[in-house]
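A.B. asks: Handing you this structure, nothing more for now.
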Amino acid sequence: MAQDLNGKVVIVTGAAGGQGAADARLLVERGAKVVLTDFNAELGEETAAALGENAIFVKHDVSSEEDWAKVIETTIATFGQINALVNNAGILKMEPLESSSAQTIDKLLAVNVRSVYLGMMAVVPALRQAGGGSIVNISSLAGMSGQANAVAYSGSKWAVRGMTKSAALELGQYGIRVNSVHPGTIATPMTAGMLRAPIDAAFPLAAMNRVGTPDDIAPAVAFLISDESTYISGAELVIDGASAVGQSSQFTAMMSRG
Ligand code: NAD
């Protein structure tokens, strides 16, 4: 039985395409009302429109505090409450340290780290108002291990993992759960230019002998939002087809509920 998300209102960032769009689609299919946000307004509007009346789109730069206030306000004005936030938006830049620049680390920290911090700050009052909730922060396999030529990206994703654990400790008293998801290599626009054979050694091939798809990630996000994961908080869920760090026992447990 798929998790029932009826009555839940969820914000998904970076939902115009890639994994965020797949998350939003599955959440709506399972009964949630979803606010898709992205700074790509044209694609975001199109993606949300295809999901029907239980989805809306809000243009949003996740590194902007003002934009976060607007997203929270619009969500409550439209759907009356907020039960979950998926901090999914992110960017990847691969470049060797020797040819990198301060702009690279500043940009990656703004879009991958500041965003998650601002999002958690912004949503907590509404989650408390709703009597609790779930925050899912999308980190990466690069937040579990090292990745050559991606020092800034990897650092940003380790930060997401660390902030997740600290927020889980701080917010548990309000019934707010905070978990991180760590995808391996997933075929999305982000990796489109990188997945042409031969796959670079920086992208470890999964033991399952394929790269992942956004639909491999979305059910895990739905599970972490659902009432079937009510005692899971501060956890890290690796979804990588058994590549660098092996299999996650939590994911195995989730699948067996199936
Ligand atoms: P993607 O590039 O396909 O989608 C990311 C979305 O975020 C895009 O729609 C983009 O417009 C949006 N975005 C970028 N910057 C933004 C900003 N400042 N404000 C608002 N929206 C912004 O990437 P994806 O593969 O779907 O990645 C989703 C998440 O998963 C990211 O956090 C990424 O780091 C993580 N991840 C991806 C992979 C992978 O292999 N694809 C692996 C591990 C982790």
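The values are calculated or read from the model by the stated rules, or taken from the named source; none is laboratory data. Model, not experiment: these values are computed from the prediction. When we count neighbours, we look across all protein chains shown, and the Cβ atoms used for this are built from the backbone with ideal geometry, even at glycine. For the accessible areas, the whole protein counts, side chains as well, though only heavy atoms, and no ligand, DNA or RNA atoms are used. Shrake-Rupley method; radii C 1.70, N 1.55, O 1.52, S 1.80 Å.
A.B. asks: Relative contact order for the chain using alpha-carbon pairs under 8 Å, separation at least 6, rounded to a whole percent?
C.D. replies: Averaging sequence separation for qualifying contacts and normalising by length gives 19 percent for the chain.
A.B. asks: Would you compute, from DSSP H runs of 4+ residues alone, the mean residue ellipticity of the chain at 222 nm, taking -39500 (n - 2.57) per run and dividing by the full residue count, rounded to the nearest 500?
C.D. replies: Per the formula, -12000 deg cm²/dmol.
A.B. asks: Compute the distance in nm between two label points, each set 7 Å from the Cα along the Cα-to-Cβ direction, one at LEU43 and one at TYR231.
C.D. replies: Taking the two extended label points, one gets 4.1 nm.
A.B. asks: In nm, give the distance between the simple-model label positions of LYS107 and GLN173, each being 7 Å from the Cα along the Cα-to-Cβ direction.
C.D. replies: 4.1 nm
A.B. asks: Taking H placed 1.01 Å from N in the peptide plane, check which residues at least 5 places from SER134 or on another chain put their amide H under 5 Å from its amide H.
C.D. replies: Here the answer is ALA84, LEU85, ARG177, since their amide H atoms fall under 5 Å of that of SER134.
A.B. asks: What ratio of Cα Rg to 2.2 N^0.38 Å holds for the chain?
C.D. replies: 0.94
A.B. asks: In addition: Run the quick spin-label model on GLU95 and ALA192: label points 7 Å from Cα toward the beta carbon, then report their separation in nm to one decimal.
C.D. replies: Using points 7 Å along Cα→Cβ, the separation is 2.2 nm.
A.B. asks: Now for a separate question. In degrees, nearest 10, range 0 to 90: what is the angle between the Cα axis of helix 151-171 and the longest Cα principal axis of the chain?
C.D. replies: Approximately 30 degrees, to the nearest ten.
A.B. asks: Helix 65-79 versus the longest principal axis of the chain: what angle, 0 to 90°, nearest 10, using Cα atoms?
C.D. replies: So the helix axis and the longest Cα principal axis differ by about 40 degrees.
A.B. asks: Let me ask something else. For VAL181, what residues show an amide H to amide H distance below 5 Å, using hydrogens built from the backbone and excluding near sequence neighbours?
C.D. replies: For VAL181, whose amide H was placed from the backbone, the distant partners under 5 Å are ASN137, ILE138, SER139, LEU237.
A.B. asks: Length gain on complete extension for the stretch GLU66 to ARG210, per 0.36 nm per residue less the alpha carbon to alpha carbon distance?
C.D. replies: Result for the pair: 47.8 nm of gain on full extension.
A.B. asks: Taking the Cα atoms only, what angle lies between the long axis of helix 214-225 and the longest principal axis of the chain, rounded to 10 degrees?
C.D. replies: So the inclination is approximately 40 degrees.
A.B. asks: Given a 1.4 Å probe, how much area per residue of segment 72-141 is accessible, in Å²?
C.D. replies: For segment 72-141, the solvent-accessible area averages 45 Å² per residue.
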